[in-house]
Every structure is written in C-alpha cells, then in structure tokens.
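Okay, structure first, notes after.
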Amino acid sequence: MRRFGTILVANRGEIAVRVMRTAHALGYRTAAVFSEADADAPHVRMADAAAPVGPAPVNESYLVIDNILREAAETGADAVHPGYGFLSENAEFARACEAAGLTFIGPDADAIAVMGDKAEARRRMAAAGVPCVPGYDDADQSESAFVSAATEIGFPVMVKAAAGGGGRGMRLVGTADDLPGALVAARSEAESAFGSGSLILEKAIVRPRHVEIQVFADRYGTTIHLGERDCSVQRRHQKVIEEAPCPVMTEDLRTAMGTAAVEAARSIGYCGAGTVEFLLDPDGSFHFLEMNTRLQVEHPVTEAVTGLDLVALQIRVAEGRPLGLSQANIRPAGHAIEARLYAEDAAQDFLPAAGDITLWRPAGGEGVRIDSGVESGQTVSPFYDPMIAKVIAHGESREIARRRLIRALAETAAFGPTTNKRFLIDCLKKESFVRGEATTAFIEEQFGETDLAPSGPDFAIAAAAAVLKYLAGRDDALSDSLNISPELLNWASAGALESQCGLTSGEAAFDLSVSPAGARDYTVRDDGNSVSVHVVSLEESRAILAVDGAHRHLSFHAEGDALYLGEAGRDFRFGSSRSAASLEDEQGGGRVVAPMHGKILEIAVEPGDTVVRGDRLLVIEAMKMQHDIVAPAAGAVAGVLQQAGVQVAAGDPLVDIAVAEQG
C-alpha cells in the first residue's frame, strides 16, 4: 500500500481545480503544471506548488511527458492525477510515471492501451460477449477496404478515429460518394489531435440514446458500477447536457447494461474509474461504443445522485486500498443534470470563441454546483478547449433538477466571449427534453438556423443599458472631480439635463437620450419611444431597474466603451454607435477574416477562382477541432492573404472576394 504526500495534477482549468479541491480536503499537498498561457490561472494559485511546462500550444507543454515528469520531481510529487483529456488516456504516460517511481492515478497502462485503440477494444469486447455495433476495425486502412466494408455494413456509417475521442476524427457518412472525402478529413483531424490517423467504421444507428455506465474497480477483485448517465444531447459529437439517471431506464435494462459494463472492465483487468459507453436503441437493445479509461467530464451528476466523491475513490484505489463498496451499497437518489458552458457561438455552427472574460459570477442556490477554473479578467485561450464551466443541478425529481439548472444558468454572468448559455437554456426548455425524449439527433431535430440566431435587444433593454452606461459615466466623472458634492448629481442650473447615448448591439442600433427625472428616476427617449426608468437597487454587477414599472433583474459590467448586460439568460454587448460608413469600411466589403485564433491547415482557393456562398475557402484548426471557413457571398477570389501552416489571430484577413453584382 502506498501513502501519497503530494499529488501533481497534470492538467489545467476546471478539472485541475476540481481534483485539487478533493485532494486538499483529504489533506494531500498538490502541485500544478502550467503553460505560458496559464501562468496566472486559478489552478496555479490553488496548488501548493506549481511549475511551468512550456509554451501555450499543448504539444509543447501539457502533452510533453518529459516536461511533466521533470516538474513532478521538482515539486516532490509521488503521484500524478491526469484529469481528463491531454495525457489521461496515454498508455506511454502511465508507463513513464511508473518508471519514474510515480503512481499514476488511473488504470494500468495495458488497460489504457487496449481501450484507447477503438479497433482493438471492439475485438476484445466482442470476445467478452459485450454487444457491439456492426463495423470494420481491420488493419487494412486503404480507401478501397473502407468502401468495401461500408457497402457491406450499409449506409449510413460513422467514420471514427481509432484513437482518442471527444468527437474528433469523426464523420457521419450517408452515401458511398461522400466516404472518400470523409476518410481524408477524419484522418487529418485524428492525426492532428491524437498523433494517429488510424480509422474504424461503425454502422450509424439512427436516433439512439448515448448512455454510459460508470464503473469502478480495485485490486482486490471488486468491480462495480455506479449507475448510468444519459449524454444524448450533443453537438459535433461532443456532449453538452448530461443527466443521471437516464429518463427511460428500467431496472431490468440497468441491470443488463451494468452487467455488460462490469464484464467489459473485468475482461481487461481494469482498476480505477472508467466509463463504458453504449448506444441505446429505441427497442431497448444496446451496443458497446467505447470505454473511457479516465474520469469523465460529466462525473458530477453521478456524484450528485450517489453521494460519492469519485476523485476521492480514485485516490483511494491508487494507494492500493480496497474500494470499500459493494454493488448493494450503490443506491442513487434523486436526479441530476449537467450543462457544459462553452465559449462558442451557437448561431455560427458552435464556432469556438476566445477572448477575455470581463465578468465571471457563477450562480448559487439549492442543489446547484458549479465547477469552473476561470475568473474575471482571465482569457479564454484559443489553444485549449473552450469550456468555461460545468453547471450541475440536483433535485428530488428530474423536473426540479431541470428548473434549478435553468435558473442557475440564467443567473450566471459570463461576459466577454460569446457563450452557449442561451442555447443551453433553450435545450432544457424544449418539450421533447422536458418529456425525457432527447436522442443524439435532438439538436439537429429541434434547432434550425432561425432558432439558433441571436435575438436582438428590445427598446426596454436598450433603455436599461443607456441608464447603466449613463450612471457609470457619471460616477467616473464624479471620482475624477474635486470638491463636488454627490447631492449635486443629476442637477444643472440651466434646466433639465439630457445626455445623448448611441448604442449598438449586434445589428441593432439605438440613438437615445437620457434625462434625469429625480434622484433615482430617468427618462429615455428616441425618435419614436419614451420610457421611464427607476433604479430600484444598484450593486456591483447587479441591478434591478423598473422600466415603465416592470422590474428587470439585470447583471451588468462596463468594460471600456462596452457595456455587457444579462437578463433571464440572455446576454447582450452594447457598444457606442458608429456611422454606417465606418462599419462598411471596417468590414472591408468582400474581405473574409479569421473568426478565431488558429492555424491554417489548408487553402482551397486561388486568386481568380469563382465561388458561391457556402463554398469552402480554407480550413482553420482551433481549440482541437477543424473548422471550414466558407464564402459569405458569390464572387471571384481577388486575393489569398495567408499561407497554409501559419497561425492567425481573430480578425486577421484571410481572403478577398470581389462580390458579384446582384442582377
């Protein structure tokens, strides 16, 4: 049996903070590693010791095994927790830790290697009697072999990277004509993300649920499961909402799936925390999908319903102690739902966003837990996954958990980069989700382009923003003045004050005037509207304003010329208005700019090429995914302004298009 003194967390962000929280509660000393981009991150300050591991790109820092091991020695660590992502499912890293005399808090390297290779995992699970999706996992990686196999399996099929996960290197293919292109794209993404371009095929099951079983095993022969999680709500094959238990689970089905998951773990001599993922057909049959040999992002919903701390159990088992639980001890209670809050734009095909978080104020409340690794002023880096936080709600029933989660999301302020907060709330309010009917096709079926388009602010919200902007400017002026009594605020000897306030938010523009009508009252007008605004209460980042008598509960933050405003889950960014001429000049007509920081992988056009709206211009890799940049309008390519292989920042020019005149 081993006794740990210091646990090094080989990760960053939310999961690093979460692991350290439990480690500190158990009395362990912790050590953090950080890239140059994360030098001031919360997980670094939370740790008892911290060490740099390299530049911002992950393949120069968090994925460099030698750097991690060097800093483990420097910080006096005797165990390493890998979190999730990065090196958490890297068998070479697990072996290197053991060789260096460090305990890897996870399964043995051999188990990681088996389940990390989806082709080998499929073969091992089939041999163990675990039901698998029909597919192709042979060593022949030629296009002809895949075409032949797909024809035999029957379309649609799913092309998947044999290594890794998280939706990377995955393509849904509906016809034989689409297969060659999907193979090229999936292989490129897999090589970039996992260092291996090996692929497999699986029969695409139409409208399944994605249901996974949490398993745990120790070195004394105990292997149990902790129930299931339903992770069907996904975009780009990545989970965004997870819950426990599954809304359609029966005791017989739970027993069958749990037994299969336990057998999957036992068949490879598994030890520690793991998750066996299944596709659940509407007819109740289920098929093995993959096994994640690590802690899952969505583990908090299992913790909520079981009352167990999975990180504490991981540490316990890694020290060589018995799990201390039997299957009979597992009695889930209530219901829990988790939503992943991302910096991304749902209206732009969930394009990742980057930039400074000007205000981070997570909600509280009964049954609410928020796991995050960010704070106000921190930058969402283009080098890493754009998840800001996980918002989890637990209740006696699914409906209570759902309502609590909606409220927690609405009351959480995350200003700066565009987030998916409103989208998450909309998901939770969809009638099919309320009824527990969501499948992996949920987002595709429930949201069209118009549903995802952001709704602009109405006049009342703009009026509230104008008053808050007026108050911020007034208070700044007061702080810069000498010998001015606050009693003179909103007073002028020449008569009523009227301040002009031009605001823009997205495509909406407001030309407003703000006039004080008392100590806490204001009138806001434009050419055709007029409202009264009464300041009911005003605190740092919170306000209640009565707009024409209706109370509006608002979150807000002023940052330079911008005012961020949130109400009931909708967030707006108001800036000062500019002329149409300046906006047209800024947008550059037919100039296409980078929507995010990233690396240009491929340029698909040349000067002189004719394009139509939606044609692919180039491919940018950002936040571990590849993104097509497409033509915004029909025209001719007038210039290609970048080269493949270069890094670009958000807003950098990419391609000039001479837009075709409309006839």
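Coordinate-derived values only; no laboratory data. Here the structure is a predicted model, which means the values were calculated and not measured. Ideal geometry is used to build each Cβ from the backbone, glycine not excepted, and the neighbour counts take in all protein chains shown.
Mean projection of the alpha-carbon convex hull of region 134-203 over all orientations, in nm²?
Numbers: hull surface 15.5 nm².
Reported value for the Cα convex hull: 3.9 nm².
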For residue 289, which sequence-distant residues (separation of 5 or more, or a different chain) have an amide H within less than 5 Å of its own amide H, given hydrogens modelled in the peptide plane?
277, 278, 279
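From largest to smallest, what semi-axes in whole angstrom does region 236-329 give when each is the square root of 5 times an eigenvalue of its alpha carbon gyration tensor? Please list the in-between numbers first.
Working: eigenvalues 104, 51, 42 Å².
Semi-axis lengths for region 236-329 are 23, 16, 14 Å.
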Give me log10 I(q)/I(0) at q = 0.06, 0.10 Å⁻¹ for the chain, Debye formula, one equal scatterer per alpha-carbon, no solvent.
-0.38, -1.02
Region 6-105: radius of gyration and largest Cα-Cα distance (Dmax), Å
11.8, 33
Would you compute, for the Cα atoms of region 587-659, the largest minus smallest coordinate along each principal axis and list the three values in descending order, in whole Å?
31, 21, 18
Counting Lys +1, Arg +1, Asp -1, Glu -1, what net charge surrounds residue 45 among other residues with beta carbon under 13 Å of its beta carbon?
-3
Specify which residue in the list 367, 204, 531 is farthest towards the positive end of the charge dipole of the chain, using unit charges on the beta carbon of Lys, Arg (+1) and Asp, Glu (-1), about the Cα centre.
367
Could you run the Karplus curve 6.51 cos²θ - 1.76 cosθ + 1.60 with θ = phi - 60° over region 5-16 and give me ³J(HN,Hα) per residue in whole Hz, x for Gly and Pro?
x, 10, 10, 8, 9, 8, 7, 9, x, 4, 6, 5
Hey, with R₀ at 22 Å, roughly what FRET efficiency would residue 366 and residue 546 work out to, going by the Cβ-Cβ distance, to 0.05?
0.20
Computed over the chain: longest principal axis from alpha-carbon atoms vs helix 118-127 long axis, angle to nearest 10 degrees, is 50
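Note the full-extension length gain between residue 615 and residue 172 as 0.36 nm times their separation in residues minus their Cα-Cα distance, in nm to one decimal.
Details: separation 443, 0.36 × 443 = 159.48 nm, distance 1.98 nm.
Between residue 615 and residue 172, full extension yields 157.5 nm more.
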So who's got an amide H within less than 5 Å of the one on residue 577, skipping anything under 5 residues away but keeping other chains? H placed 1.01 Å off N, in plane.
502, 503, 504
In whole Hz, what ³J(HN,Hα) sequence does region 344-350 give by Karplus (6.51, -1.76, 1.60; θ = phi - 60°), x for Gly and Pro?
7, 10, 4, 6, 10, 6, 6
Which percent, to the nearest 5, of DSSP beta bridges fully inside the chain are antiparallel?
90
